[in-house]
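Working notes, beginning with the structure itself.
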Amino acid sequence: MSQGNISTFTGFGQLSDLPCLKLQFAQTSAVVSLYGGQVLSYQPIPGQELLWLSDKAQWQNDAAIRGGVPVCWPWFGPASGNINPQQQPMPNHGLVRNRLWQIQHSASSAAATSVNLSIAVNDLPESLWPAYAATHPVNLTLTLILSANQLSMQLSCDTPLYQQAALHSYFRINNLKKTTVTGLSQHYYDKVSNAEYFNADSIVGFNAETDRIYYKTGSQLQLATDTQHLTIDQRGHDASVIWNPWQQKSRELPDMADHGFTEFVCVESARLELTQPQKLCLVQTLLPG
């Protein structure tokens, strides 16, 4: 007998008129916006929210929603010179964060509640799919599976492309000074100082602006504070990104409160390699404990 269900509704928090789906399985729940294909909420038990959503988040006028789990594709961050050799204006983090996705399939069973969302993209830069980008749409799929003890998010593209992707997860925390991430690799690029480092310390804390790409991270990371613990499983990735904007950038972002940086850290699963065309299957699974 199924313990789950899926329902459609409109509006989430201050994001009025936003088209959403709610997945329920036993006591657990998750909310995903069809705008951006973006998970906005994951509650292992009612009232225990693991994801952070900015109080000032917007979605109207093509704005990308600040918080939850944004889908970055087919590039991460600003489009690099390889992707955008003509340096045309291109949106940060790709093409799908401010577009509507479609429901392809949903199901509930005795083990889990699941939904498949998809989006067809027909304006890829030619550099990502030479000879075909102008004439063929590319389908991107997000599969969510909610069970009693985890939420799994799988981003897939069956077309071999030069493509990057990230599940840009914002995790709600209750004490930034006591928050740590473990399981990261020793080799990372620090975007704040624009330098690469090797660090034998396996524990990463937050005491200043943090924006790092950790290369070749393993299959499991741990996010912890003095009262919280979350295991983050990842597959199909080649890097993990750790981000917190700290005070000055928090003040500068129009969709974040001045103190917003104290409420979250981003631990992102990413596929960033661009040396050859590849299919994509990037998975991040959240296991509270």
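The values are calculated or read from the model by the stated rules, or taken from the named source; none is laboratory data. Since this is a predicted model, take the numbers as computed values, not measurements. All Cβ positions, even for glycine, are placed from backbone atoms using ideal geometry, and neighbour counts span all protein chains on display.
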Candidate set from the stretch 2-32 (those that are small (Gly, Ala, Ser) and more than 24 Å from MET256 (Cβ to Cβ)); member that is modelled with the lowest pLDDT: SER2
Scan of the stretch 73-105 for residues that are at pLDDT 95 or above and either aromatic (Phe, Trp, Tyr) or in contact with a Ser or Thr (Cβ under 7 Å, 6 or more places away or on another chain) (or both), ordered by number: TRP73, TRP75, PHE76, TRP101, GLN102, GLN104
Long-range neighbours under 6 Å by Cβ, at least six apart or interchain, first residue without any contact (Cβ under 8 Å) to a residue 60 or more places away in the chain and within 19 Å of ALA120 (Cα to Cα) within the stretch 28-49, second in a strand (DSSP E or B) and of a type outside the set (Val, Ile, Thr): SER33/LEU18; SER33/CYS20; SER33/LEU40
Residue tally, condition surrounded by fewer than 17 Cβ atoms within 10 Å (Cβ to Cβ), within 16 Å of the chain's Cα centre (by Cα) and either assigned to a strand (DSSP E or B) or of a type in the set (A, V, I, L, M) (or both), over the stretch 221-238: 3
Matching strands (runs of 3 or more DSSP E) fully within the stretch 1-61 where at least 2 residues are more than 18 Å from the chain's Cα centre (by Cα) and surrounded by 14 or more Cβ atoms within 10 Å (Cβ to Cβ): 4-12, 15-25
Selection status of TYR162, touching a residue at least 40 places away in the same chain (Cβ under 8 Å), of a type in the set (Ser, Thr, Tyr) and touching a helix residue (DSSP H, G or I) at 6+ places or on another chain (Cβ under 6 Å): yes
Top-ranked residue in the stretch 77-133 [being surrounded by 14 or more Cβ atoms within 10 Å (Cβ to Cβ) and of a type in the set (D, E, K, R); ranked as farthest from VAL192 (Cα to Cα)]: ARG99
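So that you can scan it fast, the table gives a plain yes or no per residue for (1) modelled with pLDDT of 95 or more; (2) surrounded by fewer than 18 Cβ atoms within 10 Å (Cβ to Cβ); (3) of a type in the set (A, V, I, L, M, F, W, C):
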position: CYS157; (1), (2), (3): yes, no, yes
position: PRO160; (1), (2), (3): yes, yes, no
position: ALA165; (1), (2), (3): yes, no, yes
position: SER169; (1), (2), (3): yes, no, no
position: ASN174; (1), (2), (3): no, yes, no
position: LYS178; (1), (2), (3): yes, yes, no
position: VAL181; (1), (2), (3): yes, no, yes
position: LEU184; (1), (2), (3): yes, no, yes
position: ASP190; (1), (2), (3): yes, yes, no
Elements of type strands (runs of 3 or more DSSP E) contained in the stretch 149-205, each with 1 or more residues being within 21 Å of the chain's Cα centre (by Cα): 151-161, 165-167, 170-172, 180-182, 187-190
Any hit, the stretch 89-96, residues being part of a loop (DSSP other than H, G, I, E, B) and in contact with a Leu (Cβ under 8 Å, 6 or more places away or on another chain): yes
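Considering only residues that are in contact (Cβ under 8 Å) with a residue 60 or more places away in the chain, assigned to a helix (DSSP H, G or I) and touching an Asp or Glu at 6+ places or on another chain (Cβ under 9 Å), which ones fall in the stretch 245-262?
GLY260, PHE261
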Residue pairs meeting the criteria (Cβ under 8 Å; at least 6 apart or on separate chains; first over 12 Å from ILE242 (Cα atoms), in the stretch 198-212; second among the aromatic types (Phe, Trp, Tyr) and surrounded by 14 or more Cβ atoms within 10 Å (Cβ to Cβ)): ASN199/TYR188; ALA208/TRP246
Total residues in the stretch 42-53, condition in contact with a strand residue (DSSP E or B) (Cβ under 8 Å, 6 or more places away or on another chain) and more than 20 Å from THR262 (Cβ to Cβ): 5
